[in-house]
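Below is one structure, written out as structure tokens; comments come after it.
The values are calculated or read from the model by the stated rules, or taken from the named source; none is laboratory data. None of the values given here were measured: they were computed from a predicted structure. Glycine gets a Cβ as well: all are built from the backbone with ideal geometry, and neighbour counts include every protein chain shown. With ligands, DNA and RNA removed, areas are computed over all heavy atoms of the protein, side chains included. Shrake-Rupley method; radii C 1.70, N 1.55, O 1.52, S 1.80 Å.
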Amino acid sequence: MADLRKLIADLGYDHVRSLLNSGNVVFTGPAKAHDTVAAEIEEALVLKLGVASRTVVLSCDDLDAIIASNPLLDQATDHSRLLTFILAGPHSRDAVEALSGQDWRPGAMALGERAAYVWCPDGVLDSPVVAALGKKLGDATTTRNWATLSKLHALCQELPA
């Protein structure tokens, strides 16, 4: 994670902080399109660290909206089994819209503007909705459990305005 923080700082970003050993990083920097920042980071990962990894960039406002829009919080008793699939764009949302109308009991799925929320009470590995979303989205998503997403949100709140 120290290498990743340095890589992002070397790209000109400030207040770089990472969460666990997960590849999750928060930072500040000049206003740029998220796709541009993601592409910069992806290229630097390959050139400097020899790691090819899809990168998703959200603003703190995006993360605020994703956190605020989760309708499954009341039924999800274990936040490590409450997943958030961050959608790459409207095409990703369209690809999974039909899944949100299905009955996934004992689990559940809800679709927001930028994320699909999935409750997996029997575990993530045994969840049919997780498998269905993975099949539909492929690498057009990144997934975090609610506990991790909440920690990232807290880190964002600590960034200078």
Within the range 22-39, residues over 18 Å from the mean Cα position of the chain (by Cα) and in contact (Cβ under 8 Å) with a residue 12 or more places away in the chain come out as Gly29, Pro30
Which one of the conditions (1) of a type in the set (A, V, I, L, M); (2) outside any loop (DSSP other than H, G, I, E, B); (3) exposed (fewer than 13 other Cβ atoms within 10 Å of the Cβ) does Ala161 fail to meet, given that it meets all the rest? (2)
When the residues of the range 60-70 are narrowed to those that are surrounded by 12 or more Cβ atoms within 10 Å (Cβ to Cβ) and without any contact (Cβ under 8 Å) to a residue 60 or more places away in the chain, which ends up nearest to Lys6 (Cα to Cα)? Asp62
Can Asn145 be described as open to solvent by less than 50 Å² (accessible area, probe 1.4 Å), in contact with a helix residue (DSSP H, G or I) (Cβ under 6 Å, 6 or more places away or on another chain) and either farther than 28 Å from Phe27 by Cβ or not hydroxyl-bearing (Ser, Thr, Tyr) (or both)? yes
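May I ask you to list the residues in the range 120-136 that are open to solvent by 20 Å² or more (accessible area, probe 1.4 Å) and either under 17 Å from Ala68 (Cβ atoms) or outside any loop (DSSP other than H, G, I, E, B) (or both)? Let's see the steps before the verdict.
Just the residues of the range 120-136 that are open to solvent by 20 Å² or more (accessible area, probe 1.4 Å), to begin with: 121-122, 124-126, 128, 130-132, 134-136.
Correct list: Pro128, Val130, Ala131, Ala132, Gly134, Lys135, Lys136.
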When the residues of the range 71-98 are narrowed to those that are open to solvent by 60 Å² or more (accessible area, probe 1.4 Å) and assigned to a helix (DSSP H, G or I), which ends up farthest from Gly138 (Cα to Cα)? His79
Against the definition (within 14 Å of the chain's Cα centre (by Cα), modelled with pLDDT under 95 and open to solvent by 30 Å² or more (accessible area, probe 1.4 Å)), how does Asp139 come out, yes or no? yes
Checking the conditions here, which among Ser22, Ser53, Ser18 is small (Gly, Ala, Ser), assigned to a strand (DSSP E or B) and farther than 17 Å from Gly89 by Cα? Ser18
Restricted to the range 9-21, and to residues that are on the phi < 0 side of the Ramachandran plot and loosely packed, with under 13 Cβ neighbours inside 10 Å, which residue is nearest to the chain's Cα centre (by Cα)? Asn21
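Which residues, counting only those in the range 29-59, are of a type outside the set (A, V, I, L, M) and open to solvent by less than 30 Å² (accessible area, probe 1.4 Å)? Break it down stepwise before answering.
If we filter the range 29-59 for residues that are of a type outside the set (A, V, I, L, M), which is where we start, we get 29-30, 32, 34-36, 40, 42-43, 48, 50, 53-55, 59.
Passing the criteria: only Thr55.
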Residues within the range 5-32 that are at pLDDT below 95 and among the aliphatic types (A, V, I, L, M), tallied: 3
